[in-house]
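Asks: I have a structure I would like to understand better, so I am pasting it below and will then ask my questions one at a time.
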Amino acid sequence: MNPIHSLKIKKGLPALSENTILRYFNFIALYFAQGVPEGMLFFGIPAWMAMNGKSAGEIAGFAIACGLPWSFKFIVAPMMDRYTILSMGRKRPWVIFGQLGLMTSFIIMAFIPDPLNNLNQLMIAGFVVSFFGSFQDVATDSMAVDIIPVQEQARANGFMWGSKIIGISSSLSLGSWLLNKYNFTISISMLSVFIGIIMLVPIFLKERPGEKTMPWTQGKASPESKKMQLTNWNTIFNSLYKVFRLKNSLLMATIGFISLGSINYMDVLLPIFTVKALGWTNLTYSQFFATASVIGGISGMLIGGILIDKFGKKRMMNIYFSCIICSTVTFVSLKSYWANYYFIYSFMVVYVILNVFATIGIFAFAMQCCWKKVSASQFTLYMTICNLGRIALAALIGPVRAHFNWEISLLGYPIFILIIFILFQFLNLESHTKSIEHLENREFETEVIKLSVIRN
């Protein structure tokens, strides 16, 4: 190799596998990019629709259309495990593709004519944007499982989820202001610019040393990537089936379904509640909730993962769930204070912080439940089930609002959390780890027997 070219490679940015700071920066940026469209799709646009007289059923329909692609994540995850441009990294090519699709679909959405009177087109566009958002999410999560060491996972989840919350709140605040100040096209177009800028991060940061930046540049697949790359569909699905049918895997999936579903139930209900019951404008709601989200996101980034590392996952999760139940029941009980902006805002801050902390814990538990050989597909399967919960519980909003008052509707959230709290007491990660070790020993013994038969 030319000595000058070799020197240039050494002077370049370190690969993600080599540098902790760059790892955190990479995943903070990618999760922020996920939050940009979500802020408008799940919060800003529903509040805007409510302010313009759309029914709870129509708003919930849009939320379901946006949430549905997140349930397809498991379809693409094995494909990402099986196929890639290995010389560019195992998951990085998929991250770049997802980011490009996210930016393009967001721009197309911006040019829907008269979106309030073309709800079908709006829902289709929301579906497509969410599809690429979920696609990018699968690739990012898979890259995280491959690249982030076990001892950094809880803290990394704190940074990642906190960054996503900040992305959501930033796009909600800016997007809603642009929506009211100018129009739908300018609002969505401007936010797509942020997604395009963030795409530069995975373009320039490689997974491992010596890999290509782009298909036409110099570089080659790393030995680590070659070793991890799965080339047999039977191996992927058989191993996934074995680990997922374990008791704790099924319990983790159930907890994820209800936990993410309950959070989305409240996320969709809040803008409808503040606009229709309290008479807020969508801009007022967006500003209050965005500020609360920034506080929650920063709290998650700074201390969310650290608290779990220091005091233990299960203990902290029990505390978070208990606080969520108590704070929401207290909020509903104090109906006479609902007219006070600062009372509502205080609840939003507490709600977001506790949800961020709880979500960080759920993701850390899910990662720890994964069998390393199929960890990307298994983690994505957990996330797919979580997003099925988001759809299922969001779909309850229309019927609940049709038959119950606001107090009962809001109390649905702590009831779901109470169910999770009970289920959590039966989750045993030590037993799960031993079960995975048993699976690995059985597979090793099977391979030894096969080799013996072949030799004989």
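Asks: Counting other beta carbons within 10 Å of each residue's own, what order do I385, I415 fall into, fewest first?
Replies: I415, I385
Asks: To continue, here is another question. For each of R442, R90, R155, count neighbouring Cβ atoms within 10 Å of the residue's Cβ, then give the residues from fewest to most.
Replies: Taking fewest neighbouring Cβ atoms as first place, the list is R442, R155, R90.
Asks: Right, something else. Select one label from [x] -0.52, -1.13; [y] -0.65, -1.19; [z] -0.59, -1.19: the one whose number is log10 I(q)/I(0) by the Debye sum over Cα atoms at q = 0.09, 0.13 Å⁻¹ as derived from the coordinates shown.
Replies: Step by step, log10 I(q)/I(0) by the Debye sum over Cα atoms at q = 0.09, 0.13 Å⁻¹ for this structure corresponds to label [z].
Asks: If you line up the long axis of helix 56-67 against the longest principal axis of the chain, both from Cα atoms, how many degrees apart are they, to the nearest 10?
Replies: Approximately 10 degrees, to the nearest ten.
Asks: Okay, moving on. Could you give the length gained by full extension between S346 and F97, i.e. 0.36 nm per residue of separation minus their alpha carbon distance, to one decimal place?
Replies: Stretched out fully, the S346 to F97 stretch lengthens by 85.7 nm.
Asks: While we're here: Nearest 10 degrees is fine. How inclined is helix 429-455 to the longest principal axis of the chain, computing both from alpha carbons?
Replies: For 429-455 against the chain, the angle is about 30 degrees.
Asks: Can you tell me which aspartates and glutamates have their Cα less than 18 Å from the Cα of K54? Leave out same-chain residues fewer than eight positions away.
Replies: Cross-link targets: D114, D267.
Asks: Shifting gears a bit: Towards the positive end of the charge dipole of the range 7-455, with charges on Cβ (+1 Lys, Arg; -1 Asp, Glu), say which of I96, L270, N52 has the farthest Cα.
Replies: I96
Asks: Using +1 on the beta carbon of Lys and Arg, -1 on that of Asp and Glu, and nothing else charged, what's the dipole of the chain about the Cα centre, debye to 20?
Replies: 900
Asks: For the range 7-455, with the dipole built from +1 on Lys and Arg beta-carbon atoms and -1 on Asp and Glu ones, taken about the Cα centre, which of L411, F379, G167 lies farthest toward the positive end?
Replies: Checked the options; the winner is F379.
Asks: Taking only Cα atoms, what is the 0 to 90° angle, nearest 10, from helix 73-82's long axis to the longest principal axis of the chain?
Replies: Here the helix axis deviates by roughly 20 degrees.
Asks: Here is a further query. Against the empirical 2.2 N^0.38 Å scaling, what ratio does the C-alpha Rg of the range 1-151 come to?
Replies: Relative to the rule-of-thumb radius for its length, the range 1-151 sits at 1.29.
Asks: When a footprinting reagent is the concern and you count Cβ atoms within 10 Å, what order do D309, D267 take, fewest first?
Replies: In increasing order of surrounding Cβ atoms, one gets D309, D267.
Here, each number is a calculation from the coordinates, and none is a lab measurement. What you see is a predicted model, and the numbers here were worked out from it, not measured in a lab. Every residue, glycine as well, gets a Cβ built from its backbone with ideal geometry; the counts of neighbours run over all protein chains shown.
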